[in-house]
Amino acid sequence: MHILLKEIRHQPVLWLLAFVPLVFVVEWMRPAAYTLLFGLSLLAIVPLTTLLSHAT
């Protein structure tokens, strides 16, 4: 957990990881809000691509 927090402090874009569970909550609460879900999913995928590029 300490390593993850260190990485988040080093790369501020990783704070967008908070949008990943938020997408699931919004989809559960408002499944017909397609534009909102698309925007949140777009914000959620940015840090995941950062982690993928860091891993390769």
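The values are calculated or read from the model by the stated rules, or taken from the named source; none is laboratory data. Predicted model, so just to flag it, every value in this text is computed and none were measured. With ideal geometry, Cβ positions are generated from the backbone for all residues, glycine too; neighbour counts draw on all protein chains shown. Just so you know, the surface numbers come from the protein's heavy atoms only, side chains and all, with ligands and any DNA or RNA stripped out. Shrake-Rupley method; radii C 1.70, N 1.55, O 1.52, S 1.80 Å.
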So which of V25, V20 ends up being in a helix (DSSP H, G or I), surrounded by fewer than 14 Cβ atoms within 10 Å (Cβ to Cβ) and among the hydrophobic types (A, V, I, L, M, F, W, C)?
-> V25
Long-range neighbours under 8 Å by Cβ, at least six apart or interchain, first residue within 14 Å of F24 (Cβ to Cβ) and of a type outside the set (D, E, K, R) within the range 36-52, second open to solvent by less than 30 Å² (accessible area, probe 1.4 Å) and assigned to a helix (DSSP H, G or I) = L36/V26; L37/V23; L37/V26; L40/V23; L40/V26; S41/V23; A44/V23
Flag if L36 is touching a Lys or Arg at 6+ places or on another chain (Cβ under 8 Å) and open to solvent by 50 Å² or more (accessible area, probe 1.4 Å) | yes
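Scan the range 28-37 for residues that are assigned to a helix (DSSP H, G or I) and in contact with a helix residue (DSSP H, G or I) (Cβ under 7 Å, 6 or more places away or on another chain) and jot them down. Before you say what the answer is, go through the steps one by one.
Keep residues of the range 28-37 that are assigned to a helix (DSSP H, G or I), which gives 28-29, 34-37.
Residues satisfying the conditions are L36, L37.
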Specify which of the listed residues (V26, V46, V13, V20) is among the β-branched types (V, I, T) and over 13 Å from the mean Cα position of the chain (by Cα).
-> V26
